[in-house]
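The structure appears below as structure tokens.
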């Protein structure tokens, strides 16, 4: 399988994603510079975390104008798998590939710590190896993870089963108490209607090895590989 | 020249005369500006240099001391994968270099906390990657006045905000550090930032320019008027009432720095770089003169080629500006375009501003007209001052402490709860959860334990062909200094700082390897203040020799005074240790019920200088606890051997708050797995408060499986470390008894509530 990791100036989880795909999952992977205009031969594109262009403006607001984004949009339209992690998720929202917006965390601080999320939808190419309702221990690290969408949008997300991950307790209880950033309905990750573009705030690349305290994120990448091997339709 | 001119630049009359003598003429304005910054205390180490020579430069690990940073080499991590095949010359240079340094940014942070702290972080990161190393971790040692005062609260919030703003964006994890509050820091907070980087030894670069005809290039952000006089006016003088110093603080841009890291490491990888230096303090002046002096060469610079962001900048302004995220590099002749291409790709300036000469002069031109011409060595060899020193008179009185006059508390439970809520002891999650401490995916032990632990990647590009990160080694890092000890006894306080740093590393399973020091003191022109400095340096030197570890880098910050007070002497020790097997690390919290709790070391009846006296009796008195370096090493070696043999489940040292606080932390520092303990075998005949809260040194609490007790006892016996089984883990209560009565009985929930919630409460109230 061939993965591509997009590098915007200011991306800082690009090397971590590259490392996990190459050295932990032993897959073929390359960097895609933000000015590149070809995505030939890739099976999955990852928009990594970081502070693209410094994120001095609204997060992701500049990155979406990078030359490569036009080609990522085409890639997604044709059904290619796109995974946005943290800043990558924010960029996907700004680019309109996923619905909704990110607000500042409700405590107005950057938050870096392990949280628990519940797998609400395991019928996606990114989550196929999880059980429905499976609880993952996975870290977050962001300033703007307070997901918001209007009531119609939220209804649509629910109706289409587009909410993939929600923040919860270690035992799976979903309530405001276990919502780290104020995200609407404890939303931690969503997928587009077509099911090929996933955005999530938590970092699976930081929880893919036992030494780091959790391997729960590993199965996001493994799910993609498994899906590509067995079910790929394009 | 009118004295007002050189005085306003921070030079005295004698120094001005010296400058005239060196030049054999009167200096131009630009030259005077250049001397003023290079000869400032901050850059020139005029008053400290004599004593810094005492610090050991060699130790049990091979050291490497560069112009702006230093480190150690681990040879058995060779050969390493690089992006390019190593040529023969480089093959002999295989080995992994760990480069690290700590630096202060105190005065800028006091004036403008967010930007001051942010640029402190940015500056120390640049010192690491300009050596050719990829920055892999940051630590911060912070000190503020009490949070009860609004301005201190503002400083604290601002500094934390600055560190998260810069460190999170630049993609280097902030994995550890320390925070203390003491009224001596009111009016002068301390922000000491430490950065650690790794490189293949063969790819290290020095801050030197040599080779006649090679090009001098300017890369990074453009130059503005920010930070003019930062090192000479701001950093080298104490604060006086009513001064406006904000314009001397620089503004940080972590995004540019992130691009600069990637571009610089890529450029170094071409092999075309002769030398590189960060334009930090004293900007262009420092880089031109120090790179030429270090390379025994000269430099001819044309200022018109310097990228700038403000109009009509004068030559002296360009030479003094401390605009951030800029570097000077020396490039092999004919390779300028290749290097330029790399920086341009990252959206950064890169322009040739001059060339290397062999005449020994730094020649600065503006539109071809010479505006300064000075021997490089004359600028870098600032005068050395032999400062008078004198033991402060107040110590004689303060060092006396009669235990009999200290009232014994009625309720030890209340004392323990109060200590756990004390700002210097309480849990710091409110701070470190604002820092990205996991990026780069090397952090194995997260913040909140005795030391941060990172696995060591085999290359600065992350993984390796062999899978995983490529090595099974790790490093641990910590910063330590109890400045109350250093105030009451500078020599011993500094020794304890070294011993405690080593103890913290050992508790995580690491072998102490090398030190960087950040020496924060008051006005060196006051003999009492200089005595503190001299004694602390001697203490560090003697302790490091005892541990056989080198001081590879460091920084001196004088003039930490304000009308309110002078700071406690604060020689912050940054120490790194090597973990031979990353699967055998250790952390402080109890791991399971039914484990045996062991205390290594002696409890002595010592109350002097303790957190207990300060918080409960409002007393800063007495002498520091005793320190026997032989006992210290016996305890540390025992713990290391036991951890490396896999016998230990948790290890935690006793520091501020003594045995009781340390035991409480063992019980509650893992929120999702809190385990109580019954400590019922403390057979010491002494005051109960001294037993519980005294701060006797060289003590480590271990917990282990039943089967391991005898094995650990044997190791301790061989190494002559005092060993005692003091109790057992289990339940949801911490209970401590001496031979007569029950002293502590507290549910873990109560302990946790005080310990975890009080910092946030104090900041947000």
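The values are calculated or read from the model by the stated rules, or taken from the named source; none is laboratory data. All values derive from a computational prediction rather than experimental measurement. Cβ coordinates were reconstructed from backbone atoms using ideal geometry, including for glycine residues, and neighbour counts include every protein chain displayed.
Taking each residue of segment A:94-109 that is within 24 Å of residue B:158 (Cα to Cα) and looking for partners that are at pLDDT 95 or above and outside any loop (DSSP other than H, G, I, E, B) with beta-carbon atoms closer than 7 Å, six or more apart or interchain, yields A:103/A:146; A:103/A:148; A:104/A:146; A:105/A:111; A:105/A:146; A:106/A:146. In segment B:109-213, which strands (runs of 3 or more DSSP E) lie fully inside it and hold 2 or more residues that are out of contact with any strand residue (DSSP E or B) (no Cβ under 8 Å at 6 or more places or on another chain)? Answer list for segment B:109-213: none.
Given the criteria touching a helix residue (DSSP H, G or I) at 6+ places or on another chain (Cβ under 8 Å), buried (at least 20 other Cβ atoms within 10 Å of the Cβ) and not in a helix (DSSP H, G or I), does residue B:11 qualify? So residue B:11 fits the description; yes.
In this structure, is residue A:71 touching a strand residue (DSSP E or B) at 6+ places or on another chain (Cβ under 7 Å) and more than 16 Å from residue A:187 (Cα to Cα)?
The answer is no for residue A:71.
Based on what the data block shows, is residue B:468 on the phi < 0 side of the Ramachandran plot, facing chain A (nearest Cβ under 10 Å) and either at pLDDT below 90 or crowded, with 23+ Cβ neighbours inside 10 Å (or both)? When the stated conditions are applied, residue B:468 does not pass them.
For segment B:730-765, filtered to residues that are in contact with a helix residue (DSSP H, G or I) (Cβ under 6 Å, 6 or more places away or on another chain) and part of a helix (DSSP H, G or I), the residue that is surrounded by the fewest Cβ atoms within 10 Å (Cβ to Cβ) is B:760.
Scanning segment B:57-72 for residues that are in contact with a helix residue (DSSP H, G or I) (Cβ under 7 Å, 6 or more places away or on another chain) and crowded, with 21+ Cβ neighbours inside 10 Å, we see that the one that is nearest to residue B:133 (Cα to Cα) is B:69. Looking at segment B:127-135, can you tell me whether even one residue there is within 15 Å of the chain's Cα centre (by Cα), within 14 Å of chain A (Cβ to nearest Cβ) and farther than 21 Å from residue B:226 by Cα? Yes, that holds for at least one residue.
Has segment A:21-31 got any residue that is buried (at least 24 other Cβ atoms within 10 Å of the Cβ) and out of contact with any helix residue (DSSP H, G or I) (no Cβ under 6 Å at 6 or more places or on another chain)? There is at least one residue in segment A:21-31 that is buried (at least 24 other Cβ atoms within 10 Å of the Cβ) and out of contact with any helix residue (DSSP H, G or I) (no Cβ under 6 Å at 6 or more places or on another chain). Exactly one residue out of B:341, B:355 is in contact with a strand residue (DSSP E or B) (Cβ under 9 Å, 6 or more places away or on another chain), at pLDDT 95 or above and either part of a helix (DSSP H, G or I) or more than 21 Å from residue B:278 (Cα to Cα) (or both): that is B:341. Among residues of segment A:209-221 being part of a helix (DSSP H, G or I) and more than 9 Å from chain B (Cβ to nearest Cβ), the one that is farthest from residue A:44 (Cα to Cα) is A:210.
Scanning segment B:320-335 for residues that are under 18 Å from residue B:357 (Cβ atoms) and in contact (Cβ under 8 Å) with a residue 24 or more places away in the chain gives B:328, B:329, B:330, B:331, B:332, B:333.
In the set (1) in contact (Cβ under 8 Å) with a residue 24 or more places away in the chain; (2) under 30 Å from residue B:747 (Cβ atoms); (3) within 14 Å of another protein chain (Cβ to nearest Cβ), the condition left unmet by residue B:416 is number (3).
Just one of the listed residues (B:578, B:598, B:573) is closer than 26 Å to residue B:721 by Cβ, out of contact with any helix residue (DSSP H, G or I) (no Cβ under 8 Å at 6 or more places or on another chain) and not in a loop (DSSP other than H, G, I, E, B), and it is B:578.
Among the residues of segment A:33-60, those identified as under 24 Å from residue A:77 (Cα atoms), surrounded by fewer than 23 Cβ atoms within 10 Å (Cβ to Cβ) and more than 10 Å from every other protein chain (Cβ to nearest Cβ) are A:34, A:36, A:37, A:38, A:39, A:40, A:41, A:42, A:43.
Going by what's in this entry, would residue A:12 be described as within 11 Å of chain B (Cβ to nearest Cβ) and within 13 Å of the chain's Cα centre (by Cα)? Taking the combined requirement at face value, the residue does not satisfy it. Scanning segment B:330-346 for residues that are more than 17 Å from residue B:213 (Cα to Cα) and surrounded by 18 or more Cβ atoms within 10 Å (Cβ to Cβ) gives B:340, B:342, B:343, B:346.
Pairs meeting the criteria (first residue in segment B:653-678 and free of Cβ contacts under 8 Å to residues at least 40 places away in the same chain, second residue assigned to a strand (DSSP E or B), beta carbons under 6 Å, at least 6 apart or on different chains) are B:662/B:652; B:662/B:701. Please work out if residue B:644 is within 29 Å of residue B:540 (Cα to Cα), assigned by TED's automatic domain parsing to the domain that holds residue B:748 and crowded, with 20+ Cβ neighbours inside 10 Å. No: the conditions fail for residue B:644. On the stretch given as segment A:182-208, residues that are away from chain B (no Cβ under 14 Å) and either in a strand (DSSP E or B) or surrounded by 24 or more Cβ atoms within 10 Å (Cβ to Cβ) (or both) total 9. Could you count how many residues in segment A:15-32 are at the interface with chain B (Cβ under 8 Å from one of its Cβ atoms) and not in a helix (DSSP H, G or I)? The number of residues fulfilling the criteria is 1. Just one of the listed residues (B:451, B:382, B:421) is under 30 Å from residue B:32 (Cα atoms), in contact (Cβ under 8 Å) with a residue 24 or more places away in the chain and under 26 Å from the mean Cα position of the chain (by Cα), and it is B:382. The residues of segment B:390-429 that are over 30 Å from residue A:20 (Cβ atoms), touching a helix residue (DSSP H, G or I) at 6+ places or on another chain (Cβ under 8 Å) and in a helix (DSSP H, G or I), listed by number, are B:395, B:398, B:403, B:412, B:415, B:416, B:417, B:418, B:419, B:420, B:421.
Condition first: buried (at least 17 other Cβ atoms within 10 Å of the Cβ) and within 14 Å of chain A (Cβ to nearest Cβ). Can you find one or more residues in segment B:265-286 that meet it? Yes, segment B:265-286 has at least one match.
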